[in-house]
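Okay, structure first, notes after.
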Amino acid sequence: MRNAFFTYETKRILKSRFTRIIILLALLFPLIGVLISPYLSEDISTMILGIHSSTRLSQTILLPAKIGAVLSTLAFIALTVFEFDKILRFRVNYIIEPISSSIKINLTKIAGLLCAGLISTVGSMIIMTPHYFINIGSLVGYNYFLISYFFIIYGSIVLTILMTAGFYLLFRNVNITCIIMFFALLFSFLAGTMNYQYMWVQTGASGFSENFGNGNIVPGLLWNRLFGLTVAMSIFLFGMLCDRCYEKGFFKSLIKNCKKYKFLPICFMFSFFSVFFVYHNEPIFKSFSILDTASMMISGKSETPVNSNVIGTSNMLVDLKIEEDKHYATGVYRQELQNSADKPQNIYFNLADGYHINEIKFDNDPINYIQVSPKIMNSAKISNVYEIRIPKNTKAKLDIRYSGTPKALSAVNDFSIGINKDYVNLDKPYDIAPAVYVKQKDKIMKGTIKIDAALTVIMQGNKNRKISEQDGVTTWSFSYDKPSELSLTAGRYGIFERNVSGTYVEFFYPLAASKEFESRGNDTLDIFTFFSDKFGPLGTGNLKIVVTSGVHGGVGYQEGNISYIAEDSLMKKSYGDSSQASSSDTFALLTHEIAHQWWGGGIDVTNGSSNNPIDKNHDEWTNEAFADFSTYLFLKNKFGKAYADNLLLNQWKEGTKDLNRNFYRRNPQYMKKLSMIPKYSVSLFLRGSKLYALGPITVYNVYHHIGEDNYFNAMKVIYNKYYDKRDKKLSFSEFLNITGVAKEVAINGK
Amino acid sequence: MESKILKYELKRIIFSKIFVITFIIEIFYSVINLYTEIIQGVSGTSPFSQWSYCKFLCDINAIMLLILMLSCTGLFSRNEQRVKEITSCTALPTKKYLATKCLALILSYIIVAICCILISLVFYKTTFSFSSFQNFLLPILIILLPTFVFVFGTSMFLGSKSQTLLYAWIPVVLVLSLVSFNSTPFLDIFAKGYVAYMPTVLPVDHLGEPVFRLSLDFIMSRLLFTLVGMVLYVASFKKLSRKI
């Protein structure tokens, strides 16, 4: 009898005309997504849908799936409300409520709707398979297509049905339910920047890499759905508890339902507490909200204090073993420390969240340590901070043994960071080894990395090489004199290597796509040769250009003698025709990151240590100004003036105009009126405009005034005077002195 | 007699569950919007510039119109149709009754708008000690009125055809409120794109603030929206009075 009711009701729902229309529409939504994708701006794709990567896989799978999920959510809100409102709409509640169990009715409706959702999802998979095949060319990675469609589209439908049903049962009003669900949808769009778990419709999946595996994208997707399910289940169960009993109001119905269905409140409580449990035990990221980012940026207090009474008397030795299959690393850190003070000294060290300390020994004796609370120290919000005590007047070896799975910060939402099967990205020094905060004068960090033989380890410094291989495990050495800039990238890389005027230029490209990336190796040589000729040779023994995973996509940065660029950025075409120049042109990004080897790597551009009054209030004066302007020079040389002007100069002019028109730039006294988040947002805008518009245009003005030949002569002078001299910084006033240009000309261009 | 009905209708709308919930959301949204978005100033203008105030009005208008459209759905509901059989037998002329109901809807919109505007005035006074509120009269007139007349007119017109059409119109309006059309005011019902775009191209005054100057295109587009709204309202009014 029970089964008959269930079957009948499910069939009825599936046979209803409205359900069929919704299924048909939901089938077509991903296809509609493909059709409208050319008209979607990058902002919508990034901010609303949370897609950061422009790899082919991301654009072929994620974009249609996410658009499909958003549209399906809207459709299934309508269908769920329509179905649940039927009893009230046809005024049969007075017949049904006294004679039937509300749980049975509601669960049957949910089952019918879930079936409809499943049919539409499977249908959309079938419809979109040819699109996948045409774009990718084979069925390689098809499992990601299936996983994405199932968890993104069907996941959003399941959550929509449960939440809509829950809110309807709670309020018994179609309009209110629709409004709440509309705001829930908006919440999913807007709150994603705070925490990816809030993206209950489109999920936090940012992209798929074509060459380096997909990091934590799939676990992230599953966790997204688990968190969403606990929330949706709680809402639905609470809605069921509040379902009105015959002739009873809200509270009386709640009490009666609790008494009648004793397991229901227990299920609700379990589900409700699961929400907090799942949220707080998110396994991929260390929780670091945008509020923390804002407060740290505004207060500027993020550093762990250095105890200068304790001195590091030896180099730092690190041995790290990475087991990428287990997403796990085990390490040992050793350094000799000296406390010359007459009192014991407390020192701090940072280690990435996810690692735990196995043992700390000082002078071969185990010592105690305490973990510093984030409430006491700001830097403890970013990584784990430990405090240990060094006895007075001692000189002995500190030995820290640690192991675990390092986590990235949630504010970044980069699923490629961490230890993964095909790709390792430990982008912070404390992801590799403890950062010990004592006086470390001229001390280097060196050691070994043990990892699967199939992976190539890339680290800063010139001594990063393979030293042995045994049982499928390779040992790599490394040595670097700026431990605070150390990072580790490992993957299946091929190397394009050339010796250009004494410097080894190494281009690390994904081995699986060697054909596609080969030409980029020559591009890097062109860029390197241009800058070497115009500025001076790169002093370091080797320059590494590393293609990184496109899971997060669109990024480039420089750290030490390595310039990183995401795989999706290099796949975009560069246009020689100036009319097609656009900000997405990533030849510029590659050039910019290589230029940083001179500006930031060799020469430090800052007003920080200058006492000259001219240099006051010129915080646009940074390495970015020269890296960007050098990019302009290279592009002008390669593609012509019109191209470079269109791509960069016009952008700088626009950016500077926007900056100078900004109210808070004109009236900085009003900044104190702003609360934390708006202050962060305004500061970010002002800083970005100064760095990437005002700074480069200032250098351009000088260049324009003195001419190209004189500018390059001045660059040679700057190179000889500042290159590789750590204590000498190129300030604005010194740049003006060297070029012989007046301040007004540099700022105003005349 | 009519004022009694007006009071009753207004009470019915204001104390309805849906109005209360959306009103709370609107108030909450206004505060968040003022303290996080508007305080930054639109397109680099000051937070108390007329452009920034226009942006605030555009932002809140979407939810205010959502409340209005949802209240409109009540006018075309099945219950309402059934009640009409009784109300049409009373001494009150149908047209007057209908006009009173519409007036109640308009008043409910005005009440929400006034509350939001009052909140914004308190914000400006307490945060920036700014009190030249007369500057905001033109933005209120140019941003709220045409959009209100257009959406109200279309909602009444579509509702008079079918309640489903009115329900379908609601998400369309919400989507339009999220899209920015920059320099194409004839598509930009909410003027959101226009008020963010214009300060970037207009000349600045002696304080460096972009002047508040509306283009002829924009004024024409507002007049057109108002006119279309009024025509549709009159058409629906005639149709509804005939129906009864």
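Can you tell me the length gained on complete extension of the stretch A:Ile99 to A:Ile367, counting 0.36 nm per residue apart and subtracting the Cα distance?
89.4 nm
How many nm separate the modelled label positions at B:Leu216 and B:Glu85, each set 7 Å beyond the Cα in the direction of the Cβ?
Computed distance between label sites B:Leu216 and B:Glu85 equals 5.7 nm.
Averaged over its residues, how many other protein chain Cβ atoms are within 10 Å of peptide A:654-667's Cβ atoms?
The shielding value for this peptide is 4.
Compute the label zone of B:Arg78 within the stretch B:154-170: residues whose backbone N is under 14 Å from the point 7 Å along Cα-to-Cβ.
B:163-164
What is the distance in Å between the Cα centres of the stretch B:58-121 and the stretch A:226-264?
Answer, in whole Å: 33.
Taking just the alpha carbons, could you work out the radius of gyration and Dmax for chain B, both in angstroms?
Using the Cα atoms of chain B, the pair Rg, Dmax is 19.2, 66 Å.
Quick one: with all protein chains in place, what share of the accessible area of chain A is carbon or sulfur, to the nearest percent (1.4 Å probe)?
Answer for chain A is 57 percent, counting heavy atoms of protein chains only.
Per-residue mean of other chain beta-carbon atoms within 10 angstrom of the beta-carbon, peptide B:38-47?
Across the residues of B:38-47, the mean count of other-chain Cβ atoms within 10 Å is 6.
Among B:Ile143, B:Ile117, B:Ile32, whose mean-square fluctuation peaks in a Gaussian network model of chain B (Cα, cutoff 10 Å)?
Among B:Ile143, B:Ile117, B:Ile32, the largest GNM mean-square fluctuation belongs to B:Ile32.
In whole angstrom, how far apart do the alpha carbon centroids of the stretch A:658-693 and the stretch B:140-168 sit?
39 Å
Please list, in order, the residues from the stretch A:182-203 whose amide nitrogen is less than 11 Å from a point placed 7 Å along the Cα→Cβ vector of A:Ser289.
Only A:194-195 pass the distance filter.
Hey, got the average number of other protein chain Cβ atoms within 10 angstrom for residues in B:121-130?
1
Going 7 Å from the Cα of B:Ala168 along its beta-carbon direction, which residues of the stretch B:53-91 have the amide nitrogen within less than 17 Å of the resulting point?
So the set is B:73.
Angle check, please: helix A:290-299 long axis (alpha carbons) against the longest principal axis of chain A (alpha carbons), in degrees 0 to 90, nearest 10.
That works out to roughly 30 degrees.
Only Lys, Arg, Asp and Glu count, each charged at its Cβ (+1, +1, -1, -1), so figure out the dipole size of chain A about its Cα centre, rounded to 20 debye.
Here the size comes out at about 2760 debye.
Between A:Lys653 and A:Val306, with labels modelled 7 Å along Cα→Cβ, what's the label distance in nm to one decimal, could you check?
For the pair A:Lys653/A:Val306, the computed spacing is 4.5 nm.
Apply 1/(1 + (r/R0)^6) to the Cβ-Cβ distance of A:Glu708 and B:Phe130, taking R0 = 60 Å, and write down the FRET efficiency to the nearest 0.05.
Efficiency, rounded to the nearest 0.05: 0.75.
Could you sort A:477-487, A:44-54 so that the peptide with the highest average Cβ count within 10 Å comes first and the rest follow in order?
By packing density, highest mean first, the sequence is A:44-54, A:477-487.
For the stretch A:598-748, what is one quarter of the convex hull surface built on the Cα atoms, given in nm²?
Convex hull of Cα atoms, orientation-averaged projection: 9.6 nm².
Find how much the distance from A:Lys86 to A:Thr129 grows on full extension, using 0.36 nm per residue of separation minus their present alpha carbon separation; answer in nm with one decimal.
Stretched fully, the A:Lys86-A:Thr129 segment lengthens by 11.8 nm.
Taking the C-alpha atoms of the stretch A:307-485, how large are the radius of gyration and the largest Cα-Cα span, Dmax, in Å?
According to the Cα coordinates of the stretch A:307-485, Rg and Dmax are 16.4, 51 Å.
When the Cα centres of the stretch A:515-532 and the stretch A:602-653 are compared, how far apart do they sit, in Å?
22 Å
Can you tell me, using C-alpha contacts under 8 Å and at least 6 residues apart, the relative contact order of the stretch A:598-748 as a whole percent?
This gives 38 percent for the stretch A:598-748.
For chain A, what does the relative contact order come out to in percent, with C-alpha contacts under 8 Å and a separation of six or more?
Computed over chain A, the figure is 10 percent.
Compute a Gaussian network model of chain B, connecting alpha carbons closer than 10 Å, and tell me which residue from B:Leu65, B:Leu232, B:Leu202 fluctuates the most.
Between B:Leu65, B:Leu232, B:Leu202, it is B:Leu202 that shows the largest mean-square fluctuation.
Would you mind putting A:376-384, A:446-454 in packing order, based on average other-beta-carbon counts within 10 Å, highest first?
A:376-384, A:446-454
Which value does Rg/Rh take for the stretch A:642-721 over its C-alpha atoms, Rh per Kirkwood?
Using only Cα positions, Rg/Rh for the stretch A:642-721 is 1.13.
Which helices of chain B meet both criteria: a Cα extent of 27 Å or more along the helical axis and a mean Kyte-Doolittle score no lower than 0.0, with helices taken as whole DSSP H segments?
Long hydrophobic helices here: B:50-75, B:94-128, B:216-243.
Please give me, ordered by residue number, the trypsin sites (Lys or Arg not before Pro) of the stretch A:212-284 that lie in loop per DSSP and have at most 11 other Cβ atoms within 10 Å.
In loop regions of the stretch A:212-284 (DSSP not H, G, I, E or B), the sparsely surrounded trypsin sites (Lys or Arg not before Pro) are A:Lys262.
If you place +1 on the Cβ of every Lys and Arg and -1 on the Cβ of every Asp and Glu, how big does the dipole about the Cα centre of the stretch B:2-243 come out, in debye to the nearest 20?
For the stretch B:2-243, the charge dipole is close to 1320 debye.
When ranked by the protection proxy of mean other Cβ atoms within 10 Å per residue, highest first, what sequence do the peptides A:661-668, A:363-370, A:200-207, A:328-335 form?
A:200-207, A:328-335, A:661-668, A:363-370
Using a 7 Å offset from the Cα along the Cα-to-Cβ direction at both B:Thr36 and A:Asp471, what is the distance between the two label points in nm, to one decimal?
Here the answer is 5.4 nm between the modelled labels.
Calculate, in whole percent, how much of the Cα-Cα pair population of the protein assembly as shown lies beyond 56 Å.
22 percent
Most mobile of B:Phe148, B:Phe130, B:Phe190 per a Gaussian network model of chain B (Cα springs, under 10 Å)?
B:Phe130
What's the angle, to the nearest 10 degrees (0 to 90), between helix A:155-171's Cα axis and the longest principal axis of chain A?
So the helix axis and the longest Cα principal axis differ by about 50 degrees.
What do you get for the angle between helix A:708-722 and the principal long axis of chain A? Use alpha-carbon atoms, 0 to 90 degrees, nearest ten.
In chain A, helix A:708-722 runs at an angle near 80 degrees to the longest axis.
Hey, how much of the P(r) for the stretch B:42-139 falls beyond 19 Å, as a percent of Cα pairs?
Of the Cα pairs, 56 percent sit more than 19 Å apart.
Counting pairs of alpha carbon atoms under 8 Å apart in space and at least six apart in sequence, what relative contact order in percent does chain B give?
Normalised by residue count, the contact order of chain B is 27 percent.
The values are calculated or read from the model by the stated rules, or taken from the named source; none is laboratory data. These figures come from a predicted structure and were not determined experimentally. Note that we place each Cβ from the backbone using ideal geometry, even for glycine, and neighbour counts take in every protein chain shown. For the accessible areas, the whole protein counts, side chains as well, though only heavy atoms, and no ligand, DNA or RNA atoms are used. Shrake-Rupley method; radii C 1.70, N 1.55, O 1.52, S 1.80 Å.
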